[in-house]
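Heads up: the structure comes next, in structure tokens.
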Amino acid sequence: MDEYLERTKHITVVKPLVMGWLQESLSEESMNHLWKCIENQQNECNEVLAGNITESKNLIDIDDWFGQNILAELFDKYSHSFNFYPRGTPILSSFWVNYQKENEFNPQHQHSGVYSFVVWMKIPTKWVDQNFSKGAKSSTKPVKSSFTFTYTNILGEIVTYEYRLNPEDEGTILFFPGKLNHQVYPFYNSDEVRISISGNIDMI
């Protein structure tokens, strides 16, 4: 408990443990590996996913390269950062690619893994254009084409953290607890496909 206390002369500040997520920009080598995994995609997996999207395909991590070089480091970093040490040995239990087209979306959901991750491989739209271009309907919550986490804070309030996605976000990976609610909003006025990779890490 002492690690959550910050003592001054007269006041003790108590900082309870609050879990979050990790964000990292992947190297060109990592992205090349993931594109190779996509080239070798397996069977469809839409029937076991929450996404209201046309196509999702299972992937295989070739030579376990991504697991050993990227996910293992993120696993260790998360454990040390948030003092969370699940028992067992981590394994990449599921790994898939999503092809999201115009008007398609992924509703708020959780994953089955102890940890999960998402990598944005291709983002064909700009958040500002989606939400504020000529003809875009105004809103107090402009979330078109966004990715959001939803959680409760220490006061029990429901809050969201929004990633306003742009092509510059390609190559970003988010690493988070599998039970953290998240969703993907639809994009519009584009014939291109948004491509993302997701996966779950379990303990054995």
21 Å Cα-Cα threshold exceeded, pairs from 57/122; 15/179; 101/126; 101/144; 57/101; 122/179: 15/179; 122/179
Exposure proxy check: 176, 75 ranked by fewest other beta carbons within 10 Å? 75, 176
Among the GluC sites (Glu not before Pro) in the stretch 65-144, which ones are in a DSSP loop with at most 16 other Cβ atoms within 10 Å of the Cβ? Mind listing them? 102
For the stretch 20-203, build the convex hull from the C-alpha positions and give me its volume per residue in Å³. 122 Å³
Check which residues have an amide H placed less than 5 Å from residue 114's amide H, if you skip close sequence neighbours. 201, 202, 203
What list do you get for 149, 175 if you sort them by fewest beta carbons within 10 Å? 149, 175
Three-way shape label, the stretch 13-56, alpha-carbon gyration tensor, a/c 1.5: oblate
In whole Hz, the Karplus estimates of ³J(HN,Hα) for the stretch 29-36 (6.51, -1.76, 1.60; θ = phi - 60°; x where Gly or Pro) are 4, 5, 5, 4, 4, 5, 5, 5
Helix-only estimate, please: 222 nm mean residue ellipticity of the chain, summing -39500 (n - 2.57) across DSSP H runs of length 4 or more and dividing by its residues, to the nearest 500. -4000 deg cm²/dmol
Within a 10 angstrom radius of the beta carbon, how do 87, 164 rank from fewest other beta carbons to most? 87, 164
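Coordinate-derived values only; no laboratory data. Since we're looking at a predicted model, the values are computed, not measured. Every residue, glycine as well, gets a Cβ built from its backbone with ideal geometry; the counts of neighbours run over all protein chains shown.
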